[in-house]
1. Take C124 and decide whether it is closer than 24 Å to L28 by Cα, in contact with a Ser or Thr (Cβ under 9 Å, 6 or more places away or on another chain) and modelled with pLDDT of 95 or more.
2. Within segment 65-86, how many residues are at pLDDT below 95 and small (G, A, S)?
3. What pairs come up if the first residue lies in segment 88-114 and is on the phi > 0 side of the Ramachandran plot, the second is surrounded by 10 or more Cβ atoms within 10 Å (Cβ to Cβ), and their beta carbons are under 8 Å apart, counting only those six or more places apart or on different chains?
4. Can you pull out the helices (runs of 4 or more DSSP H) entirely within segment 67-168 that have at least 3 residues that are in contact with a helix residue (DSSP H, G or I) (Cβ under 7 Å, 6 or more places away or on another chain)?
5. Considering each residue of segment 127-168, count those that are under 25 Å from D107 (Cβ atoms) and surrounded by 13 or more Cβ atoms within 10 Å (Cβ to Cβ), and give that number.
6. So for segment 57-64 (the condition being surrounded by fewer than 19 Cβ atoms within 10 Å (Cβ to Cβ), aliphatic (A, V, I, L, M) and modelled with pLDDT of 95 or more), does at least one residue qualify?
7. Answer yes or no as to whether L53 is in a helix (DSSP H, G or I) and at pLDDT 95 or above.
Amino acid sequence: MRAGLIIVFPENIIGKMTESVSQISRDLFDSGFYCAESVLLAIAGRRGIQSDLIPGMATGFCSGMSRTCGMCGAVTGGIMAINMVAGRASPDDSVEENYLLVRRLLDMFKGKFGTLNCRELIDCDLGTQKGREKFQADNLSRRCREYTAEAAAMALLLIEESGVHPPP
């Protein structure tokens, strides 16, 4: 169904791959990708990881888990990026490093923003028409853009500090 899909970064983003992952994720968000997609794409790009599964595997995590008022999509994108690099390749592999990195990401994000919950971060319910109207009217996407940039920076920092590398 999605086999062979190749993500082509918009021209204005290709030249910025050497910039901070925060700016890359902002640019991806501005180009039309959503929070989780932008975080995962930015980190994959910075780490030289290409897959036809990215960004599609992140789509349902956007908008607070598909508009269910769940965890912020930027945070889940960061978790997926950590998993992409530090996730298990075998049932015999330990989960400890991965779990530690994910918990650190959750702690960092919550420490900075006070919550991990999409609805609380943007103060509206994207699962309702009224909430989506408020999101548009109050230009709340600017908040999501910043949460996306921060989650990408936090996740990449944790990945790079850990020294883990994705499986070959």
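The values are calculated or read from the model by the stated rules, or taken from the named source; none is laboratory data. These numbers were taken from a predicted model, which means no experiment stands behind them. Glycine also receives a Cβ, built like all others from the backbone with ideal geometry; neighbour counts cover every protein chain displayed.
1. Spelling it out, it is not the case that C124 is closer than 24 Å to L28 by Cα, in contact with a Ser or Thr (Cβ under 9 Å, 6 or more places away or on another chain) and modelled with pLDDT of 95 or more.
2. Selection size over segment 65-86: 1.
3. Cβ pairs passing all conditions: G114/E120.
4. Passing ranges, in order: 73-86, 96-113, 118-122, 141-162.
5. Number of matching residues: 22.
6. yes
7. no
Let's see how each residue does on (1) in contact with an Asp or Glu (Cβ under 8 Å, 6 or more places away or on another chain); (2) more than 22 Å from D107 (Cβ to Cβ); (3) surrounded by 20 or more Cβ atoms within 10 Å (Cβ to Cβ):
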residue	(1), (2), (3)
D30	no, yes, no
R47	no, yes, no
C69	yes, no, no
G87	no, no, no
